[in-house]
1. Which residue, of A237, A241, A218, is part of a helix (DSSP H, G or I) and touching a Phe, Trp or Tyr at 6+ places or on another chain (Cβ under 8 Å)?
2. Only one of (1) surrounded by fewer than 18 Cβ atoms within 10 Å (Cβ to Cβ); (2) within 19 Å of the chain's Cα centre (by Cα); (3) closer than 25 Å to T258 by Cβ is not met by G126, so which one is it?
3. Consider only pairs whose beta carbons are under 8 Å apart and that are at least six residues apart or on different chains; among these, list those whose first residue lies in the range 213-229 and is within 18 Å of L279 (Cα to Cα) and of a type in the set (S, T, N, Q) and whose second residue is at pLDDT below 90 and not in a helix (DSSP H, G or I).
4. Taking the options I141, I63, name whichever one is within 19 Å of the chain's Cα centre (by Cα), loosely packed, with under 14 Cβ neighbours inside 10 Å and β-branched (V, I, T).
5. Regarding A250, is this residue closer than 18 Å to S89 by Cβ, in contact with a helix residue (DSSP H, G or I) (Cβ under 8 Å, 6 or more places away or on another chain) and in contact (Cβ under 8 Å) with a residue 24 or more places away in the chain?
6. Kindly list, by first and then second residue, each pair from a residue in the range 181-204 that is under 18 Å from I81 (Cβ atoms) and in contact (Cβ under 8 Å) with a residue 12 or more places away in the chain to a residue that is crowded, with 18+ Cβ neighbours inside 10 Å and not aliphatic (A, V, I, L, M), limited to pairs with Cβ atoms under 6 Å and residues at least 6 apart or on different chains.
7. Residues of the range 37-81 being aliphatic (A, V, I, L, M) and under 30 Å from R216 (Cα atoms), which ones?
Amino acid sequence: MAVTTKSLTARDRGTAPGRERDSVLTKILVRQETTLVLVILVIGAFASSRSHLFLSQSNLTEILRSSVIYFVMACGAALLIIGGGLDFSAGAVFTLGALSTCKLLVEGVPWPPAILIGMAICCAFGAVNFLVITYLHVPPIIATLGTFYMLTGLNNLVTSGNDIIPLPQSFQRIAQGSVAGLSSDVVIAVAVGVLFWFVLERTQFGVNVRALGGNRQAAVGNGLRVLRLDLALYVIAAATAALAGVIYSAQVGAGQVTAGGTSTTLNAITAVLIGGVSLMGGMGNIQGIAVGAVLLSLIDNALVLTSIPPQYNSIVVGAILVGAVAVDHLRRARIYRKR
């Protein structure tokens with residue numbers, strides 16, 4: 001009997017690494033970002049077969065640069081959604097951050113304090129969203145939509161509907177320059193992504209955010225400072241929306257009143273959901289959001305290069321969004337079934 005036991009133990013030990021490798025491989029294959037990478041490869045193969053310009057360095061760089069705005073906005077929005085919140089005012093905050101910064105720039109304020117002041121103004125409106133939702137008990141979707149419309153009107157009122165130009169070259173170099181051969185706006189996006197990945201995956205704040213979104217009542221019962229977390233999440237979401245607006249203004253060299261809006265809000269939230277963040281809260285990661293943002297930019301770029309009418313962009317993105325949310329539902333059902 002002793003021999004048999006040893007033999008079984010040895011056999012189990014021998015197969016354990018294989019099982020572990022299979023488990024790791026399975027986890028990689030079922031991750032949402034893996035599916036998105038496959039979708040990107042399929043779209044890329046189609047686009048490159050229709051246009052030789054698709055794989056050119058300049059075009060691939062343009063795809064990355066176009067995804068910067070979606071990604072920066074999506075980082076803050078994702079953290080908020082993972083924590084159980086929702087913000088539909090991001091598109092108007094995006095415009096407010098851009099216009100506030102540009103207004104200060106044309107009045108002679110140096111770009112570092114101008115950016116900080118513009119972002120601070122937007123953070124104040126993030127705090128307003130929190131206060132309305134928490135103390136007036138207005139549902140997040142209604143409260144933030146109200147903020148969206150108020151800020152849209154405010155943006156037009158302050159600028160009289162006119163774009164703000166010209167902007168200093170030193171400011172435009174934030175997005176139009178280069179760092180170590182990479183476009184500077186892409187470098188900024190990478191830095192933002194690394195920061196948010198670290199906060200979400202390696203800090204107690206990130207653990208608390210997941211706990212809050214996963215089960216709010218349990219988070220309260222465990223003594224988490226829920227209101228403080230909510231306030232931080234709404235302010236962070238406003239800050240990243242404002243930063244995205246600033247980057248966009250530096251890219252185009254103007255503070256545009258028509259920038260942002262509903263389409264920008266929906267694109268940011270779409271990047272979040274396509275990237276695997278659960279609308280129910282508690283689940284998601286920054287890597288998936290990065291892939292989701294690149295996918296949105298890629299679809300738009302591929303349709304232009306292949307001379308496909310732009311109306312198909314909405315059809316393709318809508319289909320991918322529905323698929324992503326369906327996959328999220330199946331994934332959550334599988335996780336809870338295991339428990």
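1. Details: A237 fails: touching a Phe, Trp or Tyr at 6+ places or on another chain (Cβ under 8 Å); A218 fails: touching a Phe, Trp or Tyr at 6+ places or on another chain (Cβ under 8 Å).
On inspection, the qualifying residue turns out to be A241.
2. It fails just one condition, (1).
3. N215/G282
4. On the way: I63 fails: loosely packed, with under 14 Cβ neighbours inside 10 Å.
Of I141, I63, the one residue that is within 19 Å of the chain's Cα centre (by Cα), loosely packed, with under 14 Cβ neighbours inside 10 Å and β-branched (V, I, T) is I141.
5. Working: closer than 18 Å to S89 by Cβ: no; in contact with a helix residue (DSSP H, G or I) (Cβ under 8 Å, 6 or more places away or on another chain): yes; in contact (Cβ under 8 Å) with a residue 24 or more places away in the chain: yes.
So A250 does not fit the description; no.
6. So the pair list comes out as V192/C75; F196/C75; V199/G206; L200/G206.
7. Hits for the range 37-81 are V72, M73, A74, A77, A78, L79, L80, I81.
Matching residues to (1) at pLDDT 95 or above; (2) touching a Cys at 6+ places or on another chain (Cβ under 7 Å); (3) not in a helix (DSSP H, G or I):
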{"site": "L105", "(1), (2), (3)": "yes, no, no"}
{"site": "G108", "(1), (2), (3)": "no, no, yes"}
{"site": "A120", "(1), (2), (3)": "yes, no, no"}
{"site": "V128", "(1), (2), (3)": "yes, no, no"}
{"site": "V138", "(1), (2), (3)": "yes, no, yes"}
{"site": "T152", "(1), (2), (3)": "no, no, no"}
{"site": "N155", "(1), (2), (3)": "no, no, no"}
{"site": "V158", "(1), (2), (3)": "no, no, no"}
{"site": "G161", "(1), (2), (3)": "no, no, yes"}
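The values are calculated or read from the model by the stated rules, or taken from the named source; none is laboratory data. Just so we're clear, the structure is a prediction, and the values are computed from it rather than from any experiment. Positions of Cβ are backbone-derived with ideal geometry, glycine not excepted, and every protein chain shown enters the neighbour counts.
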